[in-house]
Amino acid sequence: MLKDIVAVKPLDGYQLWLRFEDSVEGVVDISQVISFSGIFAPLQDLAYFAQVQIHPELGTIVWQNGADLDPDVLYSLATKCPISTYSRAASSLA
């Protein structure tokens, strides 16, 4: 179940503080999620990395070059809860 990201703040290194639409907050170290190659290569520059933004239509974080990350993966990392676990919990609430 998609959880939109509603706020982002760059921290030290490649860490991002994220807040999701359900008010869950967490910190994710992006360097543990991606390799800095291809579309993610520019993110190795910390000044560029810090230019992260929220894409309101996609509900996730993006950079000017079009790089983005799956908000479900980021939610899972921020909450330390596997995607399948929180997806089942959300389904049972519906």
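The values are calculated or read from the model by the stated rules, or taken from the named source; none is laboratory data. What you are looking at is a predicted structure, and each value in this text was computed from that prediction instead of being measured. Counting neighbours? That spans all protein chains shown, and the Cβs are built from the backbone with ideal geometry, glycine included.
The table for this structure:
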item: Odd one out for ASP4, checked against (1) free of Cβ contacts under 8 Å to residues at least 60 places away in the same chain; (2) under 10 Å from the mean Cα position of the chain (by Cα); result: (1)
item: Extreme residue, farthest from ALA7 (Cα to Cα), among residues of the range 20-32 that are in a loop (DSSP other than H, G, I, E, B) and without any contact (Cβ under 8 Å) to a residue 24 or more places away in the chain; result: ASP22
item: The range 62-80, residues that are at negative phi and either among the basic types (Lys, Arg) or not in a helix (DSSP H, G or I) (or both); result: VAL62, TRP63, GLN64, ASN65, ALA67, ASP68, LEU69, ASP70
item: Residues within the range 1-14 that are outside any loop (DSSP other than H, G, I, E, B), more than 14 Å from ASP70 (Cα to Cα) and in contact with a helix residue (DSSP H, G or I) (Cβ under 7 Å, 6 or more places away or on another chain), tallied; result: 1
item: Output for the range 33-63, where each listed residue is of a type outside the set (A, V, I, L, M, F, W, C), in contact (Cβ under 8 Å) with a residue 12 or more places away in the chain and more than 14 Å from ARG19 (Cα to Cα); result: PRO42, TYR48, GLN51
item: Output for the range 64-79, where each listed residue is touching a residue at least 12 places away in the same chain (Cβ under 8 Å) and surrounded by fewer than 19 Cβ atoms within 10 Å (Cβ to Cβ); result: GLN64, ASN65, GLY66, ALA67, ASP68, ASP72, VAL73, THR79
item: Count - residues of the range 81-94 that are modelled with pLDDT under 50 and either acidic (Asp, Glu) or assigned to a loop (DSSP other than H, G, I, E, B) (or both); result: 1
item: Considering residues of the range 45-61 that are touching a helix residue (DSSP H, G or I) at 6+ places or on another chain (Cβ under 9 Å) and assigned to a helix (DSSP H, G or I) only, the residue surrounded by the fewest Cβ atoms within 10 Å (Cβ to Cβ); result: TYR48
item: Qualifying residues in the range 7-40 (those that are surrounded by 14 or more Cβ atoms within 10 Å (Cβ to Cβ), farther than 12 Å from TYR75 by Cβ and of a type in the set (A, V, I, L, M)) - the one farthest from the chain's Cα centre (by Cα); result: ILE34
